[in-house]
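The structure appears right after this line, and notes come after that.
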Amino acid sequence: MTLIELIYRLEREAAGRVLEQGFGNPHSYRGNYAELAFEPRAGVSIGDMLAAARSAVGAVFQGYKGGHYRMSELTQVWLASRSECGEPVTATGLEVMLGNYVAREKYEALQEQAVGGFCENFNRLGKTAADLYQAGALAVGSGNELFEALEAFCGGNATDGSIPGFGAVESELADVLIRVMLFSQQRGYRVAEAVLVKLAGYQESGS
């Protein structure tokens, strides 16, 4: 999960809710100094976690054995103490941390369905683990956002608390587009330009 994905997800939760297990204190990850880690913390509010995540955007941290590393919105995030290696922050893990156990089952089902084929074939296709991670994050994340958009549609499109003035369907579909554009930026794909070309074609054909 990237830092901006973590921020977007936390923004949709009640800031005052306190979790049994959360995180704080952002720092350079010992396993890869250019990546970001948060220290595990008990009894922390979602608002404090969100503040910690936001504070890391553009921040410069010293590596465990030296050097200085600037974090960006696209930096990968981990859960680990400053002097230790840990585990990556994933969509599933974050939902479990937030107490969304039904969502955890949904995430795991989506992961198995969407990423399973990549896991079997990515070596044969010459893809790296990073390729697999990014593709899986796009498939699982976008699938979950679409699922939540449909839930909001069936539920009457209530107002979304994270972006006043917009309905929940609009918010969830915006998350889908954000995930697509983040993936495109990571891979260097010109999706925005392709959309404009296709829209022009639709307008000419009257579709």
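Structure summary
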quantity	calculated
Karplus-derived 3J(HN,Hα), 6.51/-1.76/1.60, for each residue of segment 11-23, Hz, glycine and proline x	5, 8, 9, 5, 4, x, 6, 9, 9, 4, 10, x, 7
Residues 65, 198 arranged by fewest to most Cβ contacts within 10 Å	65, 198
Global geometry of segment 3-95, whether rounded, prolate or oblate, following the gyration tensor of its Cα atoms and the 1.5 cut on a/c	prolate
Percent RCO, i.e. relative contact order, over segment 3-95, from Cα pairs under 8 Å lying at least 6 residues apart	31 percent
Theoretical gain in end-to-end length, residue 157 to residue 194 [0.36 nm per residue, Cα-Cα removed]	10.3 nm
Segment 3-99: GluC sites (Glu not before Pro) in DSSP coil with no more than 13 other Cβ atoms inside 10 Å	84
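Any read-out appearing in this document is the output of simple, stated calculations on the displayed coordinates, not a laboratory observation. Quick caveat, the model's predicted, so the values are computed rather than measured. Using ideal geometry, Cβ is built from the backbone for each residue, glycine included, and neighbour counts are taken over all protein chains shown.
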